[in-house]
Amino acid sequence: MNVGLGLYRHMLTEDNLRFAKQAGATHIVAHLVDYFGGGPRIPTSVSRHSGWGPTHRAGLPWTLDEIERVKALVEGQGLVLHAVENFDPGHWHDVLLDGPRRDEQLDQILESIRLVGQAGIPNIGYNFSLAGVWGHTAEPLARGGAESIGFDQEALGEQPEIPCGQVWNMDFAEVDGEETIGAVSADALWSRLERFLAAAVPVAEAAGVRLCAHPEDPPAPVLRNTARVLTSEAALQRLVDMVPSRHNALEFCQGTVSEMPDLDIYEVIASFARQSRIGYVHFRNVVGRVPKYHEVFLDEGYVDMFRALRTYADNGYDGVFIPDHTPQMTCAAPWHAGMAYALGWMKAAMRAVEDSRISRRVDSWVQD
C-alpha cells in the first residue's frame with residue numbers, strides 16, 4: 001500500500017511537492033482543473049450563484065505538453081503522478097447536461113483520455129454530477145475545535161436551483177436572467193452516464209488508463225433539484241457493471257461512502273477490492289451519515305480505520321491512499337499540519353497492518 005497526497009492545481013508547487021515527499025508520500029493525485037483562486041479547501045458558500053468562479057478552459061482542451069509539464073514537476077521531486085482528478089466543466093458540460101454540444105465535447109474528453117495515457121498516467125478520476133460538492137460548511141467540528149467540513153441537509157433549508165451556464169459549481173457561460181437548468185431525474189443522469197461509459201471505457205482501455213468514478217459528495221439523493229446517482233453501494237455496483245472492465249473503476253472516496261446510510265463500510269470495501277474496481281482511495285473518517293455528518297481526524301470518527309486498511313489488504317487492494325480532506329490544525333500552517341498528521345498516521349497504520357499480515361502468514365506456515 002502506498003501513501004499519496006492530492007493537490008489542487010494552484011497548489012501544484014515545488015514547495016508543496018517537497019512537503020509531500022518530506023511527509024512520506026510517494027504518489028500525487030493532481031487536479032488540472034483550476035476550480036478556485038486560492039486556499040486548500042473547496043469554497044463552502046451555498047447561495048444561488050455560489051459558483052467557484054468561471055472556467056476559462058471552455059473550448060481549450062488539455063494539451064499533451066501541459067499534462068507532461070505537470071508530470072515532470074511531480075517527478076522532479078521524486079514522486080509518482082498516480083492520477084489526474086476531474087475533467088474541466090468547460091470541457092464536458094454538455095455531456096453532463098445532455099446539451100447541444102454533447103457529441104463534440106465527448107470527442108474532446110476521449111482525446112484527453114488518450115493524452116493522459118500517452119503521458120503514462122494510469123488513472124483519471126471524475127465526478128458525473130451536476131450540483132457537485134455543494135452545501136458544506138466549515139466549522140470547528142473536529143477534535144479540539146479543529147476546523148473541518150460538515151453537512152446538515154435540514155439546516156440548508158430551501159436549496160437554490162442551479163443557474164443556466166453553471167455545472168459542478170463552475171460557470172462555463174455568461175447567462176442573463178434567472179433561468180435555471182431545472183429538475184433533472186435520476187433516470188436521465190443514469191442514461192447520460194451509461195452513454196459516457198460506453199464511449200469512454202474502450203478508449204481508456206486502449207490508452208492504458210483507468211476511469212475512476214467518485215461517489216456523490218455529499219451523497220444526498222437530490223441536491224439543488226437535481227438527482228445524484230452514485231449515492232449507495234447498489235449504485236456504485238450498477239456503475240461498474242455497466243461496462244465490465246477493470247478500466248471502469250472507482251475513485252473510492254471512503255469518507256463519502258461512509259456518509260451513505262444503511263451500509264457496512266467494511267463489507268463495501270471488501271466487495272469492490274475483491275472485484276479489482278478501486279483505482280485509488282480517498283482515506284477519510286467521519287461522524288454521522290446523510291442527512292447530517294461532519295469530517296474528523298482519521299482516528300476520531302465512527303470507522304475503525306485500522307480495520308478498513310486490513311480489509312483493503314485482505315481483499316487484494318494494495319494501491320494508493322490519499323488523505324483527501326483533513327481537519328485544519330491551529331498553527332501557522334493549518335493545512336500542512338493537518339496533512340502531515342494524516343500522512344504520518346497512515347504510514348504507521350499501513351506498517352502495522354503489513355506486519356500483522358506477515359505475522360499471520362508465518363503462523364500459518366508454522367502450523368502447516
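The values are calculated or read from the model by the stated rules, or taken from the named source; none is laboratory data. What you see is a predicted model; the values in this text were computed from it and never measured. Here the Cβ positions follow ideal geometry from the backbone for every residue, glycine too, while neighbour counts run over all protein chains shown. Please note that ligands, DNA and RNA were not included when accessible areas were found on the heavy atoms of the full protein model with its side chains. Shrake-Rupley method; radii C 1.70, N 1.55, O 1.52, S 1.80 Å.
Could you tell me whether residue 67 is among the β-branched types (Val, Ile, Thr), open to solvent by less than 10 Å² (accessible area, probe 1.4 Å) and over 19 Å from residue 346 (Cβ atoms)? Taking the combined requirement at face value, the residue satisfies it.
Within region 93-100, one or more residues are β-branched (Val, Ile, Thr), touching a Lys or Arg at 6+ places or on another chain (Cβ under 7 Å), crowded, with 20+ Cβ neighbours inside 10 Å and touching a residue at least 60 places away in the same chain (Cβ under 8 Å). On the stretch given as region 48-98, residues that are farther than 21 Å from residue 216 by Cβ and out of contact with any strand residue (DSSP E or B) (no Cβ under 8 Å at 6 or more places or on another chain) total 18.
Out of 118, 153, one residue alone is touching a Leu at 6+ places or on another chain (Cβ under 8 Å) and surrounded by fewer than 20 Cβ atoms within 10 Å (Cβ to Cβ). It is 118.
Looking only at residues of region 168-223 that are of a type in the set (Asp, Glu) and not in a loop (DSSP other than H, G, I, E, B), we find that the one that is modelled with the lowest pLDDT is 171. Just a yes or no: is a residue in region 222-232 in contact (Cβ under 8 Å) with a residue 24 or more places away in the chain, open to solvent by 30 Å² or more (accessible area, probe 1.4 Å) and within 30 Å of residue 147 (Cα to Cα)? So far as region 222-232 goes, yes, one or more of its residues are in contact (Cβ under 8 Å) with a residue 24 or more places away in the chain, open to solvent by 30 Å² or more (accessible area, probe 1.4 Å) and within 30 Å of residue 147 (Cα to Cα). Out of all the residues in region 1-20, is one or more open to solvent by 30 Å² or more (accessible area, probe 1.4 Å), at pLDDT below 95, within 19 Å of the chain's Cα centre (by Cα) and over 22 Å from residue 167 (Cβ atoms)? Scanning region 1-20 turns up at least one residue that is open to solvent by 30 Å² or more (accessible area, probe 1.4 Å), at pLDDT below 95, within 19 Å of the chain's Cα centre (by Cα) and over 22 Å from residue 167 (Cβ atoms). Consider region 21-40 and keep the residues that are open to solvent by less than 10 Å² (accessible area, probe 1.4 Å) and among the β-branched types (Val, Ile, Thr). The one that is farthest from residue 83 (Cα to Cα) is 33. Contact annotation: residue pairs with Cβ atoms under 7 Å, 6 or more positions apart or on different chains, pairing a residue in region 152-163 that is closer than 21 Å to residue 179 by Cα with a partner that is open to solvent by 50 Å² or more (accessible area, probe 1.4 Å) and among the aliphatic types (A, V, I, L, M), are 163/175.
When residue 172 is tested against (1) buried (at least 22 other Cβ atoms within 10 Å of the Cβ); (2) farther than 30 Å from residue 60 by Cα; (3) in contact with a Ser or Thr (Cβ under 7 Å, 6 or more places away or on another chain), just one condition goes unmet, and that condition is (2). Can you name the residue in region 41-57 that is open to solvent by 50 Å² or more (accessible area, probe 1.4 Å) and of a type in the set (Gly, Ala, Ser) and, of all such residues, is modelled with the highest pLDDT? Restricting to residues being open to solvent by 50 Å² or more (accessible area, probe 1.4 Å) and of a type in the set (Gly, Ala, Ser), the top hit is 45.
Residue-level check: of (1) in contact with an Asp or Glu (Cβ under 9 Å, 6 or more places away or on another chain); (2) among the basic types (Lys, Arg); (3) farther than 21 Å from residue 112 by Cβ, residue 18 misses just (1).
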